[in-house]
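First up is the structure itself, then whatever we jot down about it.
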Amino acid sequence: MRVLHFYKTYQSESYGGIEQTIYQLCKCSPASGIESEVLTLSDDPDPAELMYEGHKVHRVKLDLQIASTGFSLSALKRFSQLAAEVDIVHYHFPWPFMDLAHFVTRMNKPSVVTYHSDIVRYKTLLQLYRPLMHRFLNSVDAIVATSPNYLQTSSVLAGYKDKTQVIPIGLDKSNYPTPSAAVTEKWQKQIGGRFFLFVGAIRYYKGLHILLDAARGTDYPIVIVGAGPIEQELKQRVQEQGLRNVIFLGIVSDEDKVALLQLCYAIVFPSHLRSEAFGISLLEGAMYGKPMISSEIGTGTSYINNHRETGLVVPPSDPDAFRLAMQQLWDDPELARTMGARAQARYQKLFTARVMGESYAGLYRDVLQMHGQAETQVSLEA
């Protein structure tokens with residue numbers, strides 16, 4: 001079975017949560033007899049097809065970007081060609097140009113869409129896009145939500161529950177490097193052996209301003225890994241508030257990241273808006289057996305971090321509640337250890353790439369069968 005994943009960016013050039021999901025699917029799909037390919041847009045003025053860790057990545061030139069939506073004329077022709085060659089087209093939502101390509105090319109292959117997130121930020125443009133969005137979601141064969149929490153709280157998905165199922169995002173720990181003793185020792189000397197860790201892009205919805213407010217009046221070491229558009233603003237805030245316990249490390253290598261995940265005391269994840277639909281780096285913390293502190297925003301973060309089982313979940317945009325949660329874990333190492341062990345067990349049960357891959361393979365087979373039956377019915381009626 002051949003599957004084409006279609007999304008605006010991919011890991012050869014971009015490393016967000018959706019790109020990571022596609023990558024994990026491409027890596028685990030051969031075990032289920034599936035050959036995965038990716039079609040994506042590229043900033044490269046002369047993009048070429050490439051092999052990326054065992055699977056094909058078809059890149060076409062990005063022509064224009066408006067409100068985080070990439071457009072490409074050449075993508076329409078390439079999508080039509082590639083879709084004709086595969087068994088299943090797997091879309092990754094949201095990306096309005098993708099909906100347009102689906103109809104312009106008259107794509108008639110079996111189709112699955114993973115609904116990663118509602119459109120949260122561009123509310124005015126959403127009103128213009130809404131008719132196309134609903135036409136697109138009505139036309140695909142199956143929709144996947146990445147957590148039961150998101151399915152329950154998304155007003156868009158509420159209209160498609162009859163064709164939507166939940167398949168959580170999964171990670172394969174074997175794809176992560178094992179840090180050398182020297183790297184681990186380096187971070188132990190630089191930071192110490194007990195600290196809270198945040199990993200992720202430094203964006204508006206990550207709630208890091210809440211974490212900084214929670215850090216006031218405490219001496220808990222807090223390490224922030226990542227970069228993003230509001231990084232300098234947050235660093236200025238740290239200086240103004242005189243926070244000596246907050247360390248920004250910027251972007252680090254995968255080996256360094258794993259070393260920090262292994263060394264940290266707990267994961268802090270203060271995202272406060274629904275733009276944070278799942279939380280891959282939160283899941284990485286669970287994978288390495290760390291207790292977590294996150295906010296209740298009605299998304300997959302509270303599916304990964306089950307309150308009082310794998311960590312603590314607090315109200316969003318509440319630095320006092322976040323500070324109390326940090327204090328509770330800090331003052332009770334046995335509670336932190338127990339929650340971390342439960343987090344790792346929950347990862348093994350629900351969030352491995354193997355479980356995700358097998359679930360999607362089953363869905364692909366169902367969609368192919370359903371599509372075949374529909375075509376047979378049309379032939380009989382004709």
Selection from the stretch 255-287 of residues that are open to solvent by less than 10 Å² (accessible area, probe 1.4 Å) and of a type in the set (Ser, Thr, Tyr): Ser271
Filter result (crowded, with 20+ Cβ neighbours inside 10 Å and in a strand (DSSP E or B)) within the stretch 289-317: Met292, Ile293, Ser294, Ser295, Gly311, Leu312, Val313, Val314
Unmet requirement for Glu19, which otherwise passes all of (1) in a helix (DSSP H, G or I); (2) touching a helix residue (DSSP H, G or I) at 6+ places or on another chain (Cβ under 9 Å): (2)
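A quick yes/no check of all residues on (1) modelled with pLDDT under 95; (2) under 25 Å from Leu4 (Cβ atoms); (3) in contact with a Gly (Cβ under 9 Å, 6 or more places away or on another chain); (4) assigned by the TED database to the domain that holds Tyr204:
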| position | (1), (2), (3), (4) |
| --- | --- |
| Ala321 | no, no, no, yes |
| Gln328 | no, no, no, yes |
| Asp332 | no, no, no, yes |
| Thr338 | no, no, no, yes |
| Ala341 | no, no, yes, yes |
| Gln344 | no, no, yes, yes |
| Ala361 | no, yes, yes, no |
| Gln369 | yes, yes, no, no |
Test set (1) touching a residue at least 24 places away in the same chain (Cβ under 8 Å); (2) not in a strand (DSSP E or B) - Val38 fails condition number: (2)
Conditions (1) surrounded by fewer than 17 Cβ atoms within 10 Å (Cβ to Cβ); (2) closer than 20 Å to Cys28 by Cα; number of the one not met by Phe351: (1)
Out of Val156, Val140, sole residue that is hydrophobic (A, V, I, L, M, F, W, C) and open to solvent by 10 Å² or more (accessible area, probe 1.4 Å): Val156
So Ala343, is it more than 30 Å from Tyr122 (Cβ to Cβ) and not charged (D, E, K, R): yes
Residue under evaluation Asp320, criteria (1) over 30 Å from Leu25 (Cα atoms); (2) open to solvent by less than 60 Å² (accessible area, probe 1.4 Å), criterion not met: (2)
Residue count, the stretch 176-210 (criterion: in contact with a helix residue (DSSP H, G or I) (Cβ under 7 Å, 6 or more places away or on another chain), in a helix (DSSP H, G or I) and buried (at least 21 other Cβ atoms within 10 Å of the Cβ)): 3
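Table: residues versus (1) in contact with a Pro (Cβ under 8 Å, 6 or more places away or on another chain); (2) at pLDDT below 95; (3) hydrophobic (A, V, I, L, M, F, W, C).
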| position | (1), (2), (3) |
| --- | --- |
| Lys8 | no, no, no |
| Gln20 | no, yes, no |
| Cys26 | no, no, yes |
| Glu49 | no, yes, no |
| Ser80 | no, no, no |
| Tyr91 | no, no, no |
| Met98 | no, no, yes |
| His102 | no, no, no |
Residue within the stretch 214-225 that is open to solvent by less than 30 Å² (accessible area, probe 1.4 Å), touching a helix residue (DSSP H, G or I) at 6+ places or on another chain (Cβ under 9 Å), under 24 Å from Asn306 (Cα atoms) and among the small types (Gly, Ala, Ser) present: yes
Filter result (in contact (Cβ under 8 Å) with a residue 12 or more places away in the chain and out of contact with any helix residue (DSSP H, G or I) (no Cβ under 6 Å at 6 or more places or on another chain)) within the stretch 139-159: Ser139, Val140, Val144, Thr146, Pro148, Tyr150, Gln152, Thr153, Ser154, Ser155, Val156, Gly159
Any pair with Cβ under 7 angstrom, 6 or more apart, that starts in the stretch 244-261 at a residue that is aromatic (Phe, Trp, Tyr) and ends at one that is assigned to a loop (DSSP other than H, G, I, E, B): none
Top-ranked residue of the stretch 1-20 - restricted to ones that are touching a Gly at 6+ places or on another chain (Cβ under 9 Å) and under 20 Å from Leu100 (Cα atoms), ranked as surrounded by the fewest Cβ atoms within 10 Å (Cβ to Cβ): Thr9
Matching residues, the stretch 21-66, being exposed (fewer than 13 other Cβ atoms within 10 Å of the Cβ) and either within 17 Å of Val355 (Cα to Cα) or not assigned by the TED database to the domain that holds His116 (or both): Ala31, Gly33
Criterion (at pLDDT below 95, surrounded by 14 or more Cβ atoms within 10 Å (Cβ to Cβ) and over 20 Å from Gly17 (Cβ atoms)) met by exactly one of Leu126, Leu132: Leu126
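The values are calculated or read from the model by the stated rules, or taken from the named source; none is laboratory data. What you are looking at is a predicted structure, and each value in this text was computed from that prediction instead of being measured. Here Cβ is always computed from backbone atoms with ideal geometry, including for glycine, and neighbour counts include all displayed protein chains. Side chains are part of the model used for accessible areas, which takes the heavy atoms of the whole protein and leaves out ligands, DNA and RNA. Shrake-Rupley method; radii C 1.70, N 1.55, O 1.52, S 1.80 Å.
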